[in-house]
1. Once label points are set 7 Å from the Cα along Cα→Cβ at both Val103 and Val249, what is their separation, rounded to one decimal in nm?
2. Does anyone have the angle between helix 291-306 and the longest principal axis of the chain? Alpha-carbon axes, 0 to 90°, nearest 10?
3. Please give the length that would be gained between Leu48 and Val265 if that part of the chain were fully extended, namely 0.36 nm times their separation in residues minus their C-alpha to C-alpha distance (nm, one decimal).
4. With equal scatterers on the alpha carbons only and no solvent term, can you work out the Debye log10 of I(q)/I(0) for region 169-307 at 0.12, 0.21 1/Å?
5. Counting only C-alpha contacts under 8 Å and six or more residues apart, can you give the relative contact order of region 68-132 as a whole percent?
6. Sorted by packing (mean other beta-carbon atoms within 10 Å per residue), highest first, where do 236-246, 288-298, 122-132 land?
7. May I ask for the angle, rounded to the nearest 10°, between helix 252-273 and the longest principal axis of the chain, with both axes built from Cα atoms and the value confined to 0 to 90°?
8. Taking only Cα atoms, what is the 0 to 90° angle, nearest 10, from helix 216-241's long axis to the longest principal axis of the chain?
Amino acid sequence: MTDSLSMFYALPVLVGLAAVAMCVAGLSAGLEARDAGRPLRSGLTVPLHETARLLRQRPRRTVSADRLLWRSASSAVIPLAVLIVAFVPVGAHALVSHPLGLVWVNAFDVMAWAVMWLLGWGPNSITGLVGGYRFLALALGYELPLMFALTAPAIAAGSLDLAEIAAAQDGLWFAVWAPVAFVAYCWGVLGFSMRPPMEPGAGTDLNGGILAELAGVDRLLVMVGRHALLIAGSAVAVPLFLGGGAGPVLAGWAWVLVKTLGVAVLLVLVGRRLPTLRPDKLLELGWVVVLPLVVAQDLIVSVIAIN
């Protein structure tokens, strides 16, 4: 009965999160149009036009490509995002409830390493290969701070269950008294979704990097998957740092959607204003600056939790 209730409550929210992803995609395209000197509204329909174009376009084939790995990687981005969202509690329910939900979320995030690398390796292309190496260098920079950022709310709640972590924030969000962990987590979300300024693996100086040889449905799946990963990461931030579905007036599931949209829009707007650094500089920033700050944050949270 519990599983049936979880499915009943969670599946509509997955549809809502898909709508949120479409809104964020339209916002991103609109901002890009504005930066190019065109009206903001002219970019809002770009995702729909681009989808129609890619559905008509034939997939690209390169010489001696590893097609199995390449196609598998392009098809795996969206399922990874869905698996992450499945553990997000919607009020008292989640599509998948597990006492180690936070561990599973981090495991699927790490799986993005393999997927993005195979997108660069599979086409047997110089630009793709360099893009894949760039992403791995970038991932080394953001992943350790991200892991320690995930530790802070787990320590504060004394649990790895996302529902229990959300419930432990009654009266005060973890984002308020663990702000460094929250910022480091958001930085990691920008990293595994390859959003500015964390997109050197798909940089324009590489003609798209790991995206350079993708065309047709393969490219569409990856582009949609990048937005889906951004939304999935934003959704996980809700139970971790923003009190889950708690809030006045609206139902719990509605607050999850509102908070997810807020985090995603914030990441898009702030990320676009930050400078894009080389992978080695990002790695230095992650390990020399961000990681010590997050470890210090974990220590502070531990002392408060013990007392």
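1. 4.1
2. So the inclination is approximately 20 degrees.
3. Extra length available between Leu48 and Val265 comes to 76.2 nm.
4. Ignoring solvent entirely, the Cα scatterers give -0.58, -1.29.
5. Relative contact order for region 68-132 comes out at 36 percent.
6. 236-246, 122-132, 288-298
7. For helix 252-273, the angle is close to 50 degrees.
8. Between helix and principal axis, roughly 20 degrees.
The values are calculated or read from the model by the stated rules, or taken from the named source; none is laboratory data. Everything quoted here is computed from the prediction, not taken from an experiment. Please note: Cβ atoms are built from the backbone with ideal geometry, for glycine as well, and neighbour counts cover all protein chains shown. Keep in mind that these areas ignore ligands, DNA and RNA; they rest on the heavy atoms of the full protein, side chains included. Shrake-Rupley method; radii C 1.70, N 1.55, O 1.52, S 1.80 Å.
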